[in-house]
Every structure is written in structure tokens, then in C-alpha cells.
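The values are calculated or read from the model by the stated rules, or taken from the named source; none is laboratory data. This is a predicted model, so every value here is computed, not measured. Positions of Cβ are backbone-derived with ideal geometry, glycine not excepted, and every protein chain shown enters the neighbour counts.
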Amino acid sequence: MTSNNILNKLLISILTIITLSLSSVSVFGQIFSTAQNPLSVKWRYIRADGFKIIYPDKLEIEAQRMANTLPLTYRRVATGLGQQNTSIPLLLQNQETIANGFVQLGPKKAELYATPPQYFDSQDWLNNLAVHELRHVAQFDKLTGAQAHPFPELVYFAYFGAGLPTWFFEGDAVVTETAWTESGRGRQPNWIMPFRASVLEGKKFSYSKAYFGSNRDVTPGYYQMGYLMAADMREKYGRFFSDSLLTDIRRRPLRLYPFSRSLKKFSNQNTKNYFLSVQKNATEKWKNQEENNETENYKSINKKTGVATNYFLPVRLNKNRILALKESKQEARYFVVINEDQSEQKLFGIGYQEQPWFSYKNGVVVWDEIRYDPRYKQRSYSVICSYNLKTKKFKKLSSKSRLFSPSLSADGKKIIASKVELNNQFNLVEIDAVAGNITKVYPNPENAILQTPGFDKSGNRIVYISVSEKGKSLCLLDSNKKTVLIGNSRQQLSRPIFIGDKIVFNAHFNGIDNIYSIDIETKKITALSNSKYGAFNPSETEDGAIIFNDYKMNGYEIAEERLTEKPVGENSFVDFSAAAEQQENVGNVFANIPDSTFKSEPYHQALNLFSFHSIVPVIDNEYVFGLELQSNNLLNTMDFYTGAKYHRDLHRFEYTADVSYKALYPVLSVLYRDRPRRSFYRSKNAIQQGDWREHYIKFNASLPLSFNARNQNYAFTLNAATSFTQRYQPENMPTNFIRRLKFPLEYNFTFNHSVRTTERDIAPKWAQVLRATYNHQPFDKNLGGEIMALESFFYFPGFFKNHSFLASFNYQKASGVNQYATEIATVYGYNNILAKSKLQNSMLFNYRFPFAFPDWEIGPLAYVRNFRAGLFCHYENIGVDSNIGAPKTYGFELNTSVNILRYQPVVDLGTRVVFVNKIYNQHPIFEFSFNYSF
């Protein structure tokens, strides 16, 4: 759509962006999706006491289960907010391999992604999602009303984002999921571990740094920060404190910092001071826990940096070299070989993983990574890749697969992995490590969720984790005979491996994540590590030691020890949600779910194209403003906008209608305008003003395709458009006034390639963007002319990490009515410099780099994340103008990323000084920029 369809760039859009992070328990943490499913998905729906559950037909069993679960669960988790009934559509998604869930308004809906991650809570995944997301539904209902309100939803959404900080929104839900179940993230030591490690090492966070994060340090995260604060509120002020806060915010919405002021009303502390007191209280409790534990200090054998850095899953290649997955705030995840002197050799980058994972045996490395459907981004795959360290060859062992946590046998010839079908059937599968085909499927009749399997040295026995609502189990398969070694535990069991005649795994028996072993025959459990903050991911070395991850303040580091068996020890975990659990006093919310069968009906996409939800203000500029009615259907396949705008300078109205249909492979859109226009022309040596109205209709077809392979991303976009204009009601127009503009044609092709970036990167280290545009008017002889434009942008690494150099070369050729059009990138300051000739080409050089990461909290006004700078030198019309060899403009720029007024969007503030070639007799130009993102 055009820029006319962007929401109010003042209050509404900014506040709406604040709430785009309503993601769920997923470690991925994506904002809510506007992607589509492929047309092959057949949809059905069930109505169940306020819920309209829309789901793919393959998820019939799960949909029936959720129809029984959701109404009862909602009434329970919403009681503390004074809510009992709701009305909301809920979508179950099965095409995505990235675990997620969210609730949104505009349109009002919830989405649960059925495929679980390989590391999560010790309960059923969809149940896990349901209790968390339904607390979000209750929060929405409390502030905006439980019933559907078809037209103010985005206004409500903006109001919700302005009234609630994201940390409270998520923290309150995490407290709820922990108090109402026997699991929950509040019971997982590793979830809160980064915060605990930092404060016990003497690091104190400001409110803003804890909330908004840092480009330099490990920070708690707003989920964890919010959990501690919401749990503290429950402990001090009771079960209904959140209800009191939300009620007060709803009654008095038009205030600056509404949440902080309501919090101060009931607790005598604003948000900043409340956080500082909670941080102090948590530190004291963790110090007491530390005093009651006898921990061991493990020496790190990796290189130390001053930036948050992780070395995941270390394994010994030989006595002198270690293989690991490395990532930091400076570098995206890649394989690294660490030498004995701690020097490092970077091997290659990989694609996105929900959790770090690889397996190494006999010179071969295998791992899983996410690959997206080229067009339908609601569909993704988890494929298995391999790399031979001896031959240096890559291989993709599976395509369009849903395979997770691949582990090699000792000889490197076969792989065991977890497979998830579209109907949420879970199985372990054995795969040929050379050919990639599945050779064996292990039955899973109870359909427990299966995680992180591994072979023993013989390749005949398999150990794995299974998960159900009853908890996690550590299981052994020996010739199809299943033995449960640890059954239905609430421990965060993970990544079991065979070492000798025992199985070694992760758990938190003593209240801190550590490495344990279990005797297969006696089932006796002993502790192997006693880390201060957490030990993970063990693997055996040739000389009988264990190499593993030991968590420190700056991330996951590498340690190597001859670990000896020791008693498991008593559980010293600090449970901050204990008070909330006692207040609810219900046990597991899923303990007595009914087993009714609900009527299921087909959900016809063609009959559900419209979902009107909001009338919002639209401001195009200081002269044009109005209202717009918006519709976005539940499956994201059609958008429709219509409205009216007033042109203050013309004293007339414009009427608009836009529709975009996105279910097909090409995206088809139609734009209509009935709008007033004004022009000035010369007549009899005088300047005349003329007005008219016009019907303008534009048709557009776009084919956006993109795919990824390891750390490389590729995108292709082909666009074609035409339009028709009928002018009417001319006033004071010349006799040769053209009344029709007949179907000019526009074509555009864009290619984009880039490597994965990290949060410090200003641009990719390597990237290429090529764009070709051609516009002409073959059906209108009165308006001859055309324009052809070619653009190229090449990004290169700078002199240091996260520095970026851009070289851009652009050319256009224009004639006729298009001779003064601009389709290529121009020099900085272009619009403020009087042109000496028509624009024909440009050559642009930019060098940008970050230079400071201060993490400054300037009271309640702003939080400064970073400072960046840039130098530029731009040329125009090379070989055309007389100033060959001299840039038209050059100069420098300074930028900073800040959070303003303690709101979530990252605001980019910048200034640019543009010096102009002396032949233009132009003073330096000062430009200022204001942008925001989430």
C-alpha cells in the first residue's frame, strides 16, 4: 500500500508499535506475524464458550483438546483480574517450525504455534502456551473490555501500549503461568540465570538498562525483570494487585507515565524505584542461596572479551583444538575452532536455530537450522546440514523437513533426530548420514514430545527426553525396548549423552543448573558439576575429562575438568512466585480438563476476507489528514482500507479505498483515489492556478520471494503496475488540459543478498542490492516518454568489527513527461541544491561505524544505547557535468539510538552536515532525522 495507509505518525503509530512485542514463551520472541499460509492448508473452526478456534484440518485432535482447555483455563487465570468471559478468535498454526504465540488487537485474535521447541518447560507445549497467552487475553479484556468492539481496536491497542510497560505485561503472565501450573519459567534457574550471575558479580542495572537491554552487556531481559517485579507485587500486596493497577489505569488513561503513577499510588514507589528495590531484594536472596551452596570455580579456557559472548556446546577435536558455536553482540553465530593458545579460527556462519545445537563425530559436524518457504512465510522447515572437517564440504541432508536436534553415531554414519509431523505426531527417526534418507522410525504410541536424542558408542542404544503434561522423563531405547530412567519430573532435563556405562545430562536438582549422571542399572543419580551459576552441554574428551559450558557474567564459557561424582545436594532454588502460588491455591490448572467432542466446521477463506476492526486517524502531512476504516482478516490474506481525508490547503476532501489480496503466489492490490488536485501554469506571461478532481485507480502485482541458506539471505521481488486517471470538474485549466492518463506501465525488479547481522551491525558485512526500474506509457500518445533506472548497492566490511562501507552506483535515462523524474538514489542534500542539469547518474560512498555504547539513563526522559558516526562522499552526473573528479556533496553524520520516555520503540536521532561543491555557491546544509523501530 501507499504511504497514505501508514497510521498516524504521531500518537497512534508510536503507541501501537510499543505493543508489537506481545510474544509468548518462545525463546524466539517474534512480534506478531502478518505472513500467510500456503493455499494447500485446509482450515476448520470450532466454537467453544467465547473462543472461535480456527485450525488446519491436520490439527483436529489438538483443536478438540484446546476447545476443552481454553474456556476453563481462561476463567481460572483471569479471575485475579476480575474477568470471567471473553470473545476472541484463536488460530492454531502448524506450518511454522519456530515456536511462538501472541495476542493482538487490530484485528483481535490470539495465535498458538503448535510445533514445540526442543528445550522448554516440563509440561505440554500447547498447555504451556495457553495459560500464558490467556493471561494476556485477560489483560486486554481488563483494559479494553471483553466483548468485541469492531472499530476502535487499534486505538485500544495504542492505549494498551501507552498504559502498560512490556515488562509488566509479560512478567504478570509469567507469574501466572508459574503459579497456575506445576512448571512455568519462574521455576527454571537457567531462565533467570543471567540476572542472578550479573548481580552476584557486583553488577547493578539501571531500570532502563534492565528493561531495554544493551549493545555491550548481558542484561536480564524484560521477561525476567517483569517476572521479579510482578512476583514481588503479588507477595507484598496480594492476589488482586494487578487488577487494582489496571483498573486505575483504565479510569485515568490520559496521563504521562500512567503505569508508574498508578504503581506509586498503591506502593508509594514509581517504576524505577520499585525496580531498584526488587533488584536489591533479589540480590540478597541470591546471596543467601550462594552462602548455602558449596560451589566450584571452573577455569575458562576460551578467550575473554569485554562484550557479551557465548561459546556453545564445546567438543574436543583433539588435545589441542576445540570446536564450538560462537556468537556475541558483535558477531552472528558461527562455528569456531579454538586452539590451545586461545587463538581462534572462524569456520563458517550458520542460519537461525531456536536453540544452539550441533553434533560432532569422526570428523563430521551436523546441525539443524530453520529454512523459510520462499513465498509463504508462515511455513518454515527445520533441515539438517553437515560439514566434513576433512574434505571441507557442506551437505544439506534434508529438504522441506521438520527434523530437530540431530545427533551422530560414533562412526559418523547415522543420525538420530526428533521429527514433528504437521498433525503434531512426534517420533524419533534414524537417518543415513551420507544419503540423508530416513531409515527407521521409532514408534511413540503415547505421542509424548521428544527432545534431544543421542546414540551410545555402539549406535544401538538411544537416550532422549520425553515431555507430557505430567513432566519430563529421561528415557532409554535399547532394541525398541523403552526404559524410563527418570519419570515425570519437573526438572529441566536436557541434552542427555552416554559417557561410559552412564548417562550424563543437565538438571537443576540443587536449585542451579548442573551436570548429573545416572546409572542405567541402579538409576542412582549423582552430581558431576557444582557450578556457581550453571553448567551445561557436557561432552567426553579422549583422556576421560569432560568439556562443558560454564556460565559466567558475560555468557557461556568453556571449562574442562575431571569431574568426580558427588551427592546431588538439597534444592536451594529461590522461588519468587511462591506467594502467588499460595494465593491461587489451585495446583495445576490442567488437572481436570473435560474431554468433550465439539462440532467442527469448514472455515471458508473466501467467506472470511473482511474483518473490520478500527477507525484510525491518518496524517499524511501538515496539510492532509483524515480517518480510515481498516480491515485485516484473520489469516492475513486480505487487507482493506477506506477513508476520507481533508486537504486543508485546497479546502476539499479526498476519498480512498485500498485492497490487497495476499493468498496467491503474487500479491495483488488495487488502490483507488477520488482526490482534489491543483497545478500552476504559465498563460499570457502570468502564472495561473488551476484546480480539478480526479479518479485515480492503480493495479499492482508483486511477487516477493526470499530464501536462506546457512547465514546467507536472498530475496527477489518482481513488481508490475499500471493505472488509469480520469480528471473532472476542471476550474481555470488551459484548453489543452489532458483529461485522461491511460495505463502507464511500471516494472521493477530487485535482488538482495546479505549475510546474517548482529545487533551492533549498522549494515551487513557483505551485501548486494541490485534494482532495475522501467516506466513508460505505450497507450497514451499525448504523454510520450519513459524512464529506465539501474541501481546498485554494495556493502563491504570496514576496518573494524561492525564497521560498514557502502559503494552505490546508479544510472537513469529519462525522456518526455518523465525527463525530470528521479528513480535513483541521490546525493545527500539533493533537494536543497539547485540542479545544473538533469539527473543521469550518481556514485555514493558511505562509511558508517558505531563508536560508543554508554547505556546512559537520563532520568525518565531517555535511555541512550549507542552512538554512531559516518563519513560520506557523493558524486553526481559523472562524465556529464564539468566537475569531474570532485564530489557534489561530502560531510559527516552522527546518530544515536535511544528509548524516549521509557517507551519500548527504539528512536534513532541523527544529524548530518552536508558540504556542497563550491561551484554551486551553496552554504553547508544541516539535516536532522527522526526514525523509530522495534
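Key figures
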{"quantity": "Scope the stretch 814-824; condition in a helix (DSSP H, G or I) and on the phi < 0 side of the Ramachandran plot; matching residues", "calculated": "Val817, Asn818"}
{"quantity": "Options Tyr932, Tyr903, Tyr920; residue that is in contact with a strand residue (DSSP E or B) (Cβ under 7 Å, 6 or more places away or on another chain) and at pLDDT below 90", "calculated": "Tyr932"}
{"quantity": "Matching residues in the stretch 293-317 - criterion: being over 22 Å from Lys203 (Cβ atoms), in a loop (DSSP other than H, G, I, E, B) and at pLDDT 95 or above", "calculated": "Ile301, Leu317"}
{"quantity": "Hits in the stretch 513-568 (condition: surrounded by 22 or more Cβ atoms within 10 Å (Cβ to Cβ), among the aliphatic types (A, V, I, L, M) and in contact (Cβ under 8 Å) with a residue 60 or more places away in the chain)", "calculated": "Ala535, Ile558, Ala559"}
{"quantity": "Wholly within the stretch 30-129, strands (runs of 3 or more DSSP E) carrying at least 2 residues that are more than 18 Å from Phe140 (Cα to Cα)", "calculated": "43-48, 51-56, 88-93"}
{"quantity": "Residues being buried (at least 20 other Cβ atoms within 10 Å of the Cβ) and in a loop (DSSP other than H, G, I, E, B) - total across the stretch 270-292", "calculated": "0"}
{"quantity": "Test: residue in the stretch 788-811 that is charged (D, E, K, R), more than 19 Å from Tyr847 (Cα to Cα) and at pLDDT 95 or above", "calculated": "no"}
{"quantity": "Number of the exception - Phe743 against (1) on the phi > 0 side of the Ramachandran plot; (2) part of a loop (DSSP other than H, G, I, E, B)", "calculated": "(2)"}
{"quantity": "Enumeration of residues in the stretch 637-652 that are more than 30 Å from Trp43 (Cα to Cα) and in contact with a Leu (Cβ under 6 Å, 6 or more places away or on another chain)", "calculated": "Gly643"}
{"quantity": "Unmet criterion (only one of (1) crowded, with 17+ Cβ neighbours inside 10 Å; (2) closer than 24 Å to Leu806 by Cβ) for Val880", "calculated": "(1)"}
{"quantity": "Residues satisfying the stated conditions in the stretch 904-927, i.e. out of contact with any Asp or Glu (no Cβ under 9 Å at 6 or more places or on another chain), assigned to a strand (DSSP E or B) and closer than 18 Å to Leu834 by Cα", "calculated": "Phe915, Val916, Ile925, Phe926"}
{"quantity": "Every pair of residues 6+ apart whose Cβ atoms lie under 7 Å, when the first sits in the stretch 692-711 and is more than 28 Å from Ala35 (Cβ to Cβ) while the second is assigned to a loop (DSSP other than H, G, I, E, B)", "calculated": "Trp692/Met733"}
{"quantity": "Subset of the stretch 671-713 [of a type in the set (A, V, I, L, M) and surrounded by 14 or more Cβ atoms within 10 Å (Cβ to Cβ)]", "calculated": "Leu671, Ile697, Ala701, Leu703, Ala709"}
{"quantity": "Residues of the stretch 97-134 satisfying the condition of being touching a Pro at 6+ places or on another chain (Cβ under 7 Å) and farther than 21 Å from Tyr381 by Cβ", "calculated": "Lys109"}
{"quantity": "Matching residues in the stretch 318-351 - criterion: being in a loop (DSSP other than H, G, I, E, B), surrounded by fewer than 19 Cβ atoms within 10 Å (Cβ to Cβ) and not polar (S, T, N, Q)", "calculated": "Lys319, Glu340, Asp341"}
{"quantity": "Matching residues in the stretch 827-848 - criterion: being touching a Ser or Thr at 6+ places or on another chain (Cβ under 7 Å) and either in contact (Cβ under 8 Å) with a residue 60 or more places away in the chain or not assigned by TED's automatic domain parsing to the domain that holds Phe800 (or both)", "calculated": "Val827, Tyr828, Gly829, Arg848"}
{"quantity": "Residue ID - surrounded by the most Cβ atoms within 10 Å (Cβ to Cβ), chosen from residues in the stretch 384-442 that are touching a Lys or Arg at 6+ places or on another chain (Cβ under 6 Å) and outside any strand (DSSP E or B)", "calculated": "Ala433"}
{"quantity": "Identity of the residue in the stretch 366-383, buried (at least 21 other Cβ atoms within 10 Å of the Cβ) and not polar (S, T, N, Q), that ends up nearest to Thr717 (Cα to Cα)", "calculated": "Tyr372"}
{"quantity": "Residues of the stretch 84-93 that turn out to be over 15 Å from Ile46 (Cβ atoms) and surrounded by fewer than 20 Cβ atoms within 10 Å (Cβ to Cβ), as a count", "calculated": "2"}
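This table checks each residue for (1) over 17 Å from Ala308 (Cβ atoms); (2) assigned by TED's automatic domain parsing to the domain that holds Arg760; (3) within 24 Å of the chain's Cα centre (by Cα).
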{"site": "Pro152", "(1), (2), (3)": "yes, no, no"}
{"site": "Ala158", "(1), (2), (3)": "yes, no, yes"}
{"site": "Ser198", "(1), (2), (3)": "no, no, no"}
{"site": "Gly202", "(1), (2), (3)": "no, no, no"}
{"site": "Lys209", "(1), (2), (3)": "no, no, yes"}
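Let's see how each residue does on (1) within 26 Å of the chain's Cα centre (by Cα); (2) at pLDDT 95 or above:
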site: Val670; (1), (2): no, yes
site: Asp674; (1), (2): no, yes
site: Ser679; (1), (2): no, no
site: Ser702; (1), (2): yes, yes
site: Ala709; (1), (2): yes, no
site: Ala715; (1), (2): yes, yes
site: Asn782; (1), (2): no, no
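So that you can scan it fast, the table gives a plain yes or no per residue for (1) surrounded by 15 or more Cβ atoms within 10 Å (Cβ to Cβ); (2) assigned to a strand (DSSP E or B); (3) in contact with a Cys (Cβ under 7 Å, 6 or more places away or on another chain); (4) not assigned by TED's automatic domain parsing to the domain that holds Leu745:
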{"residue": "Asn775", "(1), (2), (3), (4)": "yes, yes, no, no"}
{"residue": "Ile787", "(1), (2), (3), (4)": "yes, yes, no, no"}
{"residue": "Glu791", "(1), (2), (3), (4)": "yes, yes, no, no"}
{"residue": "Phe794", "(1), (2), (3), (4)": "no, yes, no, no"}
{"residue": "Lys801", "(1), (2), (3), (4)": "yes, no, no, no"}
{"residue": "Ser808", "(1), (2), (3), (4)": "yes, yes, no, no"}
{"residue": "Gln812", "(1), (2), (3), (4)": "yes, yes, no, no"}
